[in-house]
Each structure stands twice: as structure tokens, then as C-alpha cells.
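Below is one structure, written out as C-alpha cells; the observations come after it.
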Amino acid sequence: MLRIGCHLSSAKGYLAMGKEAVTIGANTFQFFTRNPRGGRAKELDLADIEAYLEFAKVQGIGQILAHAPYTLNACSKDQGLRQFAYETMCDDLNRLQYLPEAMYNFHPGSHVKQGVEQGIAYIVELLNRINEQERKTVILLETMAGKGSEVGQSFEELQTILEKVEDSRLLGVCLDTCHVFDAGYDIVHSLEDVLEEFDKIIGLERLMAVHLNDSKNVRGSHKDRHEKIGEGQIGLEAFGRIVTHPKLNKLPFYLETPNDLEGYQQEITWLREKAEYEET
Ligand code: FE
Ligand code: FE
Ligand code: ZN
């Protein structure tokens, strides 16, 4: 059965997100660990987490994905901002200890004129420091569109990070369909080739989650503007192939499309129908 959900607001807590997921036919979801622009996280509500975990078990919700604030920049040239990224991520990871099977996704960062090599060096440094602390949570590096000076727009850049980190056992990759398309990968006409390239360069065993977004812009545009499934340049049929691909269909899928809950429900319903049709 397809593991699919969407990005939900974490304002009302975990149980509320779990219930919201169920009402739209989702069996997983993604959420920001705190205000996406950074700032303090809410006080941990252990009773809410306990109630959520019980609810999730009964409802079959699993593999939820926590998303770090997207304003963190692990490779800023400003040492204070790098330290802030490190502290925020450590705090998030401490809190995620209460959610045993959640994964943690972050944007590698923007090197802003320092060059991609320096950017990668700082990201590696941050991950090595994070590894000094005990954790069970897997950290995912998200594939990026290459907007501005974003690091992680090619499989090679992500692989360089993964191989330079001293212990990469708890690291993986989250593939964002809009981002890889905007970065130039032709997932519309050559999905098989793109996955083969991913496997050759990074290894498919590192691929642990997929963000499902159509793109407002053409392939290679480096823009990162998400569109509703089927209304952008990637198109409905390509998403059908993505969620049913034998190398992808066991992974959790998260929609980050510009939608309200009803829109998400429609996308989930359509993608589920597609997947079930393929199964039979
Ligand atoms: Fe993201
Ligand atoms: Fe994404
Ligand atoms: Zn994006």
C-alpha cells in the first residue's frame, strides 16, 4: 500500500496532525519542527506525543518526516549562523527522540559566493558535530533546485557530502521531484535513467523519502516554484510513473504542493488509485 501524505501545520500538535492526515486519506505526513523561519520550538507536549503514537498505531500512520526550518544555513560564511543551524538541528533531534520512526529532513544550505567546495566542507563539519551526539533519527539531505547558490542540486554534490562525513550510517537523501526537475534531471521522459544515475552516484539504498511536487517552471530553470500535481511542467502521467516505479513505490511520499486540505485529499486519492491499479 502506498505510503503517502502531505505537509501539515504542526501548530495544534501531533495528535491533531495524525487526525488531519486520516481525514484526507493520508497514512503519513510531514511537518516543520518549528516556525520555518527559525525561532524557538514549542514546549514538548509528551501527553500529546503519547496520544499521537497510540492513534498512529491504530490508524497505520508511519514514517512521518520532520522538516528543519528552511532558513537554516549550515554552510553560511557567518560562523554564528552556522552555529545557529547546528544548535537548532541538535535541539530538533533531541525532541525527535520521542518519535521513534520519524526521519529528519534538511536543506544542505547556500554557499553564497564561497564556492561549492567550501559550502560542502561546512555541511560536512556540521554533520560530523551532530554525529558526536547519540541519536537514532535518520537525517535526510534534500535534493535542491540550485536556486541561487544552493548546495545539493546534483547527485554528485550530495554524494561528496555523504562520503566526507566520518560516519554516514544515519544519513540518507530525500528526493524532491520539483527540485531535481528544476536542477535539470529529466524525470518526465527518463525516470529510469535518473534513478540509475542516482544509484550509480549515491546508491539507491540512501534514498529514503520523496517530496512530490509539480514545477511551475521548465526543466533546468533552477527556480524552485512548486505547483499542484498535474498542473505544472512535470505533469500527471509522470507522477503516476513515479509513485508506481518499483524502485520508489515502497518509499514514503510527501506532497508539498500549493494546496488546502481538500486539494491534498484529491491528489492523494488520485495517486492511490494509480498505485492500486498498477498493483492489480
Ligand atoms: Fe524542503
Ligand atoms: Fe521539498
Ligand atoms: Zn521547494
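Scanning the stretch 242-249 turns up at least one residue that is of a type in the set (K, R), modelled with pLDDT of 95 or more and within 20 Å of R3 (Cβ to Cβ). When every residue of the stretch 50-63 is checked against the conditions, at least one turns out to be of a type in the set (S, T, N, Q) and touching a residue at least 40 places away in the same chain (Cβ under 8 Å).
A single entry from N217, N213 fulfils the requirement of being without any contact (Cβ under 8 Å) to a residue 60 or more places away in the chain, more than 14 Å from M144 (Cα to Cα) and either surrounded by 15 or more Cβ atoms within 10 Å (Cβ to Cβ) or of a type in the set (S, T, N, Q) (or both): N217.
Of the residues that sit in the stretch 162-194 and are touching a helix residue (DSSP H, G or I) at 6+ places or on another chain (Cβ under 7 Å) and polar (S, T, N, Q), which one is farthest from ligand 2 (Cβ to nearest atom)? Among those that are touching a helix residue (DSSP H, G or I) at 6+ places or on another chain (Cβ under 7 Å) and polar (S, T, N, Q), it is S168.
Of the residues making up the stretch 221-251, those that are of a type in the set (D, E, K, R) and part of a loop (DSSP other than H, G, I, E, B) are K223, D224, R225, K228, E231, K247, K250.
Residues in the stretch 36-70 that are within 26 Å of N128 (Cα to Cα), outside any loop (DSSP other than H, G, I, E, B) and small (G, A, S): A66 alone.
Here the stretch 71-124 is the region considered, the condition is being part of a helix (DSSP H, G or I) and β-branched (V, I, T), and the residue that is surrounded by the most Cβ atoms within 10 Å (Cβ to Cβ) is I123. Within the stretch 252-280, the set of residues being β-branched (V, I, T), modelled with pLDDT of 95 or more and not in a helix (DSSP H, G or I) comprises T257 only. When V218, V180, V210 are checked against the criterion of being in a loop (DSSP other than H, G, I, E, B) and either hydrophobic (A, V, I, L, M, F, W, C) or touching a Cys at 6+ places or on another chain (Cβ under 9 Å) (or both), a single residue qualifies: V218. Only one entry of K42, K77, K57, K12 meets the criterion of being charged (D, E, K, R) and either under 30 Å from E278 (Cα atoms) or within 16 Å of ligand 2 (Cβ to nearest atom) (or both), and that entry is K57. For the stretch 125-156, residues that are surrounded by fewer than 24 Cβ atoms within 10 Å (Cβ to Cβ), of a type in the set (D, E) and closer than 23 Å to D224 by Cα total 2. Restricting attention to the stretch 131-186, the residues being touching a residue at least 40 places away in the same chain (Cβ under 8 Å), within 16 Å of ligand 3 (Cβ to nearest atom), among the β-branched types (V, I, T) and in contact with a strand residue (DSSP E or B) (Cβ under 6 Å, 6 or more places away or on another chain) number 2.
Given the residues D45, D78, D92, which is the only one that is of a type in the set (D, E), farther than 19 Å from L141 by Cβ and either within 16 Å of ligand 1 (Cβ to nearest atom) or free of Cβ contacts under 8 Å to residues at least 12 places away in the same chain (or both)?
Of the residues listed, the single one that is of a type in the set (D, E), farther than 19 Å from L141 by Cβ and either within 16 Å of ligand 1 (Cβ to nearest atom) or free of Cβ contacts under 8 Å to residues at least 12 places away in the same chain (or both) is D78.
Across the stretch 44-62, the number of residues qualifying as in contact with a strand residue (DSSP E or B) (Cβ under 8 Å, 6 or more places away or on another chain) and either at pLDDT below 95 or surrounded by fewer than 18 Cβ atoms within 10 Å (Cβ to Cβ) (or both) comes to 1.
The values are calculated or read from the model by the stated rules, or taken from the named source; none is laboratory data. Just so you know, these numbers come straight off a predicted model, no measurement behind them. Reconstructed Cβ throughout: ideal geometry from the backbone, glycine too, with neighbour counts over all protein chains shown.
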